Amino acid sequence: MGAGEGKQGKGLVRSWAQRYLNLGFVAGFLLVLLTYIVVTQQFAITSPDAVPTMTPHRKQAISAPGAGVTGTPEGRVEEKAETKPVDASSGDETPKEEQQQQHDAEPEWKKPEDTVATEEEPPKRDDTAAEPLDNGKVVCTTEGPFSDTCDVFGDVRTNGTAHTVTLVPATETESREWKIQPYVRRGMSGISEVTVTQLDSTSAASPAPACTVTHRVPAIVFALGGLTGNYFHDFSDALVPLFVASRRYGGEVQLLASNIQPWWLGKYEAVVRRLSKYDVVDLDHDDQIRCFPSVTVGLRMHKEFDIVPELVPGGAPLSMVDFTAFLRETYTLPRAAPISLMKDISPPEDQEKRKPRLMLLHRGHYRKFVNVPEIVKAAEKAGFEVSIADPRFDVRVEELARSVNSFDVLLGVHGAGLTNAVFMPTGAVVIQVVPYGNLEHMAKVDFGDPVADMGLRYLEYSITAEESTLLEMLGPDHPVIKDPESVHRSGWDKVAEYYLGKQDVRVDVERFAPTLALAIEHLRQK
Ligand SMILES: *[C@@H]1O[C@H](CO)[C@@H](O)[C@H](O)[C@H]1NC(C)=O
């Protein structure tokens, strides 16, 4: 993306930025930019078997850089699980040299007692010939729509401070090297590259670094920062891709975060600790040489805020329905299904008491509803009990999740607030109000498709020029009103400036009534 778009966005969102403590304010605009221009292309990844088991998590402390919990000797050898026999190479008490000898003698993944599920199990040993994978292997994909990643199998060693992930082959191989930015969107500024190297084992010039910590679980190297801090990107760029990458390990996976953001890990601690039972390692400050049976470098995204089940590694497909079910478990959200209005034979006065609940997302700044009381009245008339929500950036996620989960319909203008759909019960309704200006494609990519993939009923309400405050601001003859296509042709800057940055919404409640009726109708069928 060009720097120009970033600057443009910056000027537009100042008030919003102040409100949101400067976090993620450029992100909001980059989001729409990215989803606006990206043409999603899918590609296939070979995905062998998986063992999707969930083990109870143990206490996890996520440490700030330098806080001394991760990357310290105490944090070493975190792979000891109760279910596994303890051997010499997995004990804290084992001297480094001995660990190294053990390691050299037998790569971790060859150990028969290793019960850890890995993305790609080594092939069954064949006594007649050496399997190619026995030598280790690196599988990199740089053709995805958003992300570059490598999967490294075999004797894999990380040097965090050097940002290197090295495969030490058992026999002679050609030396190869890849540079991967482990953030889900390639080309993101501020994200350090990780060098993935397949060593030429015979070369004296590239000796393998000795292991100082030996892990028996796979690892995932990923980057935080980037666009996270914007609520949408917290999910689209980090939580969903992390879920996709790690869920199959049932917690038995070591996360190594580059550009670590302690506040972010704190905010989403409940989710992260259910994906990995081990402390997240601060990669940039990790001075250990960690050895793993396999390492995934980088997270994958194939669609915005979404999962493409066929492309989930590990063989057991996951979907957004699984993701939202996982969140409900994580935050112990009580409702997995919305209210049922079908065959309601209770007396009318009881029916009155159990109305479907509609959450109206009220944005405080641009792209806000300017006639909230009218909309509330229309929704009440349609049969809903209405609450107005204006979630703050610093709200506790668990609190927000509980609140959202108690509703049957989520209604909001295109914006990050609609991300809260993840906490709605499956089968509930999300109504996205699309601002004026040919924004339907963007609305579909960011929320329409993801929401439908979550098993929610998605309804879209595109406003007319008459319902946009742009009309009174610019007059009917302005190209922004008369010819949105020409604005799109002029480039992203004007689209962001006018349609996203200067527009508020006055819903024509008469015109909107059928959409509300559809929402009720859907809940009746439940
Ligand atoms: C990690 O790499 C850096 C830079 O190449 C090097 O100085 C350091 O010694 C390495 N760490 C270990 C523990 O070998």
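The values are calculated or read from the model by the stated rules, or taken from the named source; none is laboratory data. None of the values given here were measured: they were computed from a predicted structure. Cβ coordinates were reconstructed from backbone atoms using ideal geometry, including for glycine residues, and neighbour counts include every protein chain displayed. Protein only, heavy atoms only, side chains kept; ligands, DNA and RNA dropped before computing areas. Shrake-Rupley method; radii C 1.70, N 1.55, O 1.52, S 1.80 Å.
General observations
- From V505, V480, residue being aliphatic (A, V, I, L, M) and in contact (Cβ under 8 Å) with a residue 60 or more places away in the chain: V505
- P484 farther than 30 Å from V422 by Cα, in contact with a Ser or Thr (Cβ under 7 Å, 6 or more places away or on another chain) and modelled with pLDDT of 95 or more: no
- Only listed residue being away from the ligand (no atom under 16 Å from the Cβ), open to solvent by 10 Å² or more (accessible area, probe 1.4 Å), closer than 30 Å to D449 by Cβ and in contact with a helix residue (DSSP H, G or I) (Cβ under 9 Å, 6 or more places away or on another chain), chosen from Y183, Y231: Y231
- Selection over the range 146-180 of residues that are surrounded by 23 or more Cβ atoms within 10 Å (Cβ to Cβ), within 16 Å of the ligand (Cβ to nearest atom) and acidic (D, E) gives a count of 1.
- Of all residues in the range 275-320 being part of a loop (DSSP other than H, G, I, E, B), open to solvent by less than 10 Å² (accessible area, probe 1.4 Å) and of a type in the set (G, A, S), the one that is nearest to the ligand (Cβ to nearest atom): G298
- N438 open to solvent by less than 10 Å² (accessible area, probe 1.4 Å) and at pLDDT 95 or above: no
- Failed item, numbered, when A517 is tested on (1) over 25 Å from E374 (Cα atoms); (2) over 30 Å from the mean Cα position of the chain (by Cα): (1)
- Checking the stated criteria, E143 turns out to be more than 16 Å from the ligand (Cβ to nearest atom) and either more than 23 Å from the chain's Cα centre (by Cα) or open to solvent by 30 Å² or more (accessible area, probe 1.4 Å) (or both).
- Taking the criterion of being farther than 25 Å from V445 by Cβ, more than 16 Å from the ligand (Cβ to nearest atom) and open to solvent by 10 Å² or more (accessible area, probe 1.4 Å), no residue of the range 209-228 qualifies.
- Options L474, L500; residue that is open to solvent by 10 Å² or more (accessible area, probe 1.4 Å) and either assigned by TED's automatic domain parsing to the domain that holds M424 or free of Cβ contacts under 8 Å to residues at least 40 places away in the same chain (or both): L474
- Inter-residue pairs, beta-carbon under 6 Å, first of a type in the set (V, I, T) and in the range 440-468, second in a strand (DSSP E or B), 6+ apart: V451/V430; V451/Y458; I463/V505
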